[in-house]
Each structure stands twice: as structure tokens, then as C-alpha cells.
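These notes concern the structure reproduced below.
The values are calculated or read from the model by the stated rules, or taken from the named source; none is laboratory data. All of these numbers come straight from a predicted model, not from anything done at the bench. Don't worry about glycine lacking a Cβ; one is built from the backbone with ideal geometry, like all the others, and counts go over all protein chains shown. Note: accessible area is taken over every heavy atom of the protein model, side chains too, but ligands, DNA and RNA are not part of it. Shrake-Rupley method; radii C 1.70, N 1.55, O 1.52, S 1.80 Å.
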2 protein chains.
Amino acid sequence: MRREIVEGSIVQGSKISEPELAKRYGVSRATLREALNRLESCYLVERKANVGCRVVALTAERLIEVYQVRSSLEGLACRLAADNMEPEEIKGLKQLLNQHLQTQRVKEGESYYQEAGDLDFHYRIIQGSKNAHLIHLLCNELYQLIRMYRVQMGMVGPRVSKAFDEHLAIINAIENHDGELAEMLMKRHISASQANIQTKFDLLAKQKA
Amino acid sequence: MRREIVEGSIVQGSKISEPELAKRYGVSRATLREALNRLESCYLVERKANVGCRVVALTAERLIEVYQVRSSLEGLACRLAADNMEPEEIKGLKQLLNQHLQTQRVKEGESYYQEAGDLDFHYRIIQGSKNAHLIHLLCNELYQLIRMYRVQMGMVGPRVSKAFDEHLAIINAIENHDGELAEMLMKRHISASQANIQTKFDLLAKQKA
DNA sequence: ACCACACTAATTGTCGACAATCTAAAAAAT
DNA sequence: ATTTTTTAGATTGTCGACAATTAGTGTGGT
């Protein structure tokens with residue numbers, strides 16, 4: 001509905017006035033409250049009883065917390081995917097990676113496609129775990145928040161090619177049904193991604209000082 | 001508010017009629033919808049757009065899915081707790097375990113206290129991880145669902161003493177700040193608990209046939 | 001006899017208004 | 001001048017009613 005706005009154009013930590021935004025979107029307050037509930041379950045807004053709603057603030061501490069959880073859960077998803085993914089799913093995953101290679105070569109600097117592609121890659125593996133609860137947790141709840149981090153931080157360039165290699169290694173592990181390895185590789189991959197955004201944060205803090 | 005009812009006295013998979021329950025509790029439909037949203041975020045009810053709300057059905061497949069996730073997340077929590085728990089927190093945890101030992105000896109067969117105690121034990125370790133996101137995920141979202149499983153299935157006896165030993169080993173690992181070991185022990189502990197409920201399920205299915 | 005279509009009934013989603021609560025500013029007392 | 005209290009404003013939570021969509025049933029056609 002208006003995830004786009006939360007992802008980009010509404011400032012972090014800003015108070016949300018229900019009647020204001022209700023008029024802003026031309027809907028009733030009840031409808032907007034429903035929407036806020038959805039956003040709350042995605043961790044994009046935080047509410048306090050009888051106080052109000054604020055857009056979530058993107059702090060480094062929060063990033064670490066989220067990525068610790070994400071690393072653990074996607075590691076699990078990857079291990080399960082190594083056991084449960086169908087051959088044609090694995091085949092499709094490899095094709096997807098090849099597509100990324102091509103678009104990546106064409107648009108060396110631009111990282112947007114890689115970004116979307118990276119999320120798509122992770123998305124498919126999560127789906128491959130065949131664990132509905134896990135899929136819901138990662139794809140519905142955490143997905144938006146992670147996207148928010150990446151969009152607002154901006155994905156940096158040199159990691160693109162390295163991420164590609166890591167994706168390749170993960171696919172190989174899944175293809176060999178080596179769940180242990182796949183889990184470990186995915187955990188490292190996400191930790192690297194976390195470290196990447198962390199440096200971005202530090203850079204931003206230094207710029208401020 | 002009325003988690004008690006969902007945990008016990010409302011049948012699984014039963015349709016939820018909003019106006020009916022609204023009258024049942026003497027509140028408006030808007031209030032009840034808010035409550036349903038809360039229950040949905042705890043995975044106790046499931047809704048479909050323009051169709052309605054049903055109480056979640058406790059199946060063996062779902063149990064496995066939830067416990068796979070729980071094992072991974074509580075393993076993470078345990079590893080973090082090994083690094084981040086304060087000495088007095090560890091001390092309190094040991095005291096809690098001693099209390100369990102006493103009540104357990106007194107009420108050999110009765111497992112209710114052990115159950116509540118077990119959850120409390122896990123609860124404290126999760127808090128000890130100091131990861132707010134992880135704490136929310138486990139204590140607010142998953143906690144109720146797991147409680148529902150355990151209450152409706154009924155905890156079996158012989159596992160009580162074994163669980164106590166496992167808890168003890170976990171505390172020792174945390175006290176030694178051995179995160180790796182603590183994580184592994186917790187994962188095994190939860191897997192054992194899962195297997196325990198699984199057998200309960202199989203027994204129930206055999207009874208039916 | 002079976003399938004398709006339409007109609008009715010119920011349920012969900014949405015709306016505007018009212019009451020309770022909290023925040024903030026202004027005034028008074030120390 | 002600072003602190004406390006009171007008061008006003010606004011915002012959230014709650015309520016009952018209306019509109020839209022859906023499920024079930026009954027009828028008609030093939």
C-alpha cells in the first residue's frame with residue numbers, strides 16, 4: 001500500500017499522526033490503523049500504548065541484532081533447502097545466478113539490480129526450505145526491514161562480485177545436498193553483508209563528526 | 001486478556017465469528033479486531049482476507065517447523081547469553097535451577113511446575129542474550145504458541161530429570177563463556193524436547209486408529 | 001440427474017463520532 | 001527564578017452503523 005513511503009520518504013523516528021496520514025491517503029482512521037498493524041508486524045513502525053506510532057529508527061545496534069537473527073534463520077533455511085529443494089528449483093536458481101552475472105557485467109557500477117537480485121536469490125532459497133513458518137518469518141516479517149536498511153544505506157560496489165562468488169558456493173553446496181556446508185556458507189555470507197553495512201554506518205558517523 | 005481461552009477451551013481450527021465473540025466478551029468489534037491482530041502476531045489465529053479467522057490447528061508438521069525455528073533461535077540466544085550475561089544473572093539462573101530441583105523432588109510425577117519452570121529457564125537465557133529483536137521474536141511471538149503446544153499435548157514425565165541435567169550443562173557452558181558449546185547444547189535440548197512431543201503426537205495418532 | 005446461474009443471508013472491511021488518556025504549556029505558589 | 005499544579009489541546013482507543021465481498025442455497029436449464 002505505501003511501503004514505498006516508509007522505505008524512503010518518511011524520516012526515521014518521526015511521529016505518525018493517525019488523522020493526518022488518514023487524510024493524506026484519503027482513507028479512514030480504522031483503515032490506517034489496520035495498515036499500521038501490518039507495518040508493526042514488519043517492524044517498520046513501533047507503537048506505545050496511548051502514546052503513538054513512530055517510524056523505526058535505523059541504528060547500528062539494531063542492525064547487528066537483526067542480522068544476528070537473520071544469519072541464524074537463513075542459515076537454517078539454507079540447510080533445509082539443501083535437503084528439500086527440488087532439482088528443477090535448483091536449476092532455476094542457477095539460471096537466476098547466470099542472469100545476475102550478465103546484468104552485473106553490463107552495469108558494473110550500478111548495484112540496484114544486484115540488490116534486487118540478491119534478495120531474490122535469498123528469497124528462493126528460503127522458499128526452498130519448505131518450512132512455512134520460517135518462510136513467513138523471513139519473507140514477510142524481516143524482508144521489509146532488511147530492504148529498508150539496504151535501500152537507505154545504499155549497497156556498496158566492491159562487494160558485488162564477492163557476493164556473487166559466495167552465492168555460487170552456496171548453490172554448489174545445496175546441489176550436493178550438503179546441508180552443513182550450505183548453512184555455514186550462508187551464515188558467513190550474511191555476516192559479510194552485515195560487516196559491509198556496518199562500515200557504511202561507521203563512515204556515516206565519521207562524516208558527521 | 002483471553003489467551004487462556006485460546007490456549008485451552010476453544011477448539012482448534014474453529015471459525016471465529018467476530019460479532020459473536022464481541023458479544024461474548026462485551027466489547028465492540030473494533031476492540032476484538034485489535035485483539036485478533038495481537039493473536040495473529042502470536043500465530044495463535046490465522047486470517048484470510050474477506051474470509052475470516054480460525055484458531056490455529058496444531059499439526060505435527062507445524063510443530064516440527066516451529067521447533068526447527070525455535071532451536072535455531074534459542075541456540076543463537078544461548079550463544080549470545082554466554083557472552084553477554086551478567087554474573088548476577090548467571091547466579092540467579094543457578095538459583096532458579098536449584099528451586100526446580102527441590103520442587104521436582106517434592107512433586108515427582110507432577111510436571112506442571114517443571115513446565116512453567118522450564119519456560120522460565122529458557123526465558124531468562126533469552127533475556128540474557130541482550131538482543132532486543134531476538135527477545136521479542138522468542139518471548140512475545142513464539143512463546144505463546146509453544147505454550148499452547150505443551151499445554152494441549154501435556155508434558156510427559158520421564159523427560160523431567162533429563163531436562164534438568166541438560167539445563168545444568170547449559171548453565172555451565174554459559175558460566176564458562178563457551179558460546180559454541182552453549183549453543184550446541186541448547187539446540188540439542190530443544191531437539192530432544194521436540195522429539196518428545198513428536199512421540200506424543202504419534203501415540204495420539206495410533207490411539208485414533 | 002447433474003451442472004450452472006442467480007439470489008439471499010451472513011460476515012468482513014470501512015467509516016465517522018464519542019470518550020479516555022497523555023502531552024504540553026501557562027499560571028500560581030514557594 | 002524555579003518548581004509545582006492546573007488546564008487546555010491533541011491524540012489514541014472505542015463504539016455503533018453502513019457498504020462490499022463472500023459463502024451457501026435454491027432454482028432453472030441441459
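So the values come out like this:
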read-out: Odd one out for A:Lys162 among (1) surrounded by fewer than 21 Cβ atoms within 10 Å (Cβ to Cβ); (2) touching a residue at least 60 places away in the same chain (Cβ under 8 Å); value: (2)
read-out: Selected residue (only one of A:Glu46, A:Glu20 is in contact with a Cys (Cβ under 8 Å, 6 or more places away or on another chain) and more than 24 Å from A:Ser193 (Cβ to Cβ)); value: A:Glu46
read-out: Subset of segment B:33-48 [within 13 Å of DNA strand D (Cβ to nearest atom) and among the acidic types (Asp, Glu)]; value: B:Glu34
read-out: In segment A:20-32, residue farthest from DNA strand D (Cβ to nearest atom) [restricted to those that are open to solvent by less than 80 Å² (accessible area, probe 1.4 Å) and not aromatic (Phe, Trp, Tyr)]; value: A:Gly26
read-out: Search result, residues across segment B:40-62 that are at the interface with another protein chain (Cβ under 10 Å from one of its Cβ atoms), touching a residue at least 40 places away in the same chain (Cβ under 8 Å) and away from DNA strand C (no atom under 16 Å from the Cβ); value: B:Tyr43
read-out: The lone exception for A:Ser17 - which of (1) within 11 Å of DNA strand D (Cβ to nearest atom); (2) modelled with pLDDT of 80 or more it fails; value: (2)
read-out: Selection count, segment A:95-115, where residues are open to solvent by less than 80 Å² (accessible area, probe 1.4 Å) and modelled with pLDDT of 80 or more; value: 2
read-out: Which numbered condition B:Leu73 misses (of (1) open to solvent by less than 10 Å² (accessible area, probe 1.4 Å); (2) within 16 Å of DNA strand C (Cβ to nearest atom); (3) within 11 Å of chain A (Cβ to nearest Cβ)); value: (2)
read-out: Verdict on A:Asn37 being in a helix (DSSP H, G or I) and within 13 Å of DNA strand C (Cβ to nearest atom); value: yes
read-out: Restricting segment A:165-209 to residues that are assigned to a helix (DSSP H, G or I) and of a type in the set (Asp, Glu), the residue that is surrounded by the most Cβ atoms within 10 Å (Cβ to Cβ); value: A:Glu183
read-out: Residue tally, condition of a type in the set (A, V, I, L, M) and either within 16 Å of DNA strand D (Cβ to nearest atom) or surrounded by fewer than 15 Cβ atoms within 10 Å (Cβ to Cβ) (or both), over segment B:49-70; value: 4
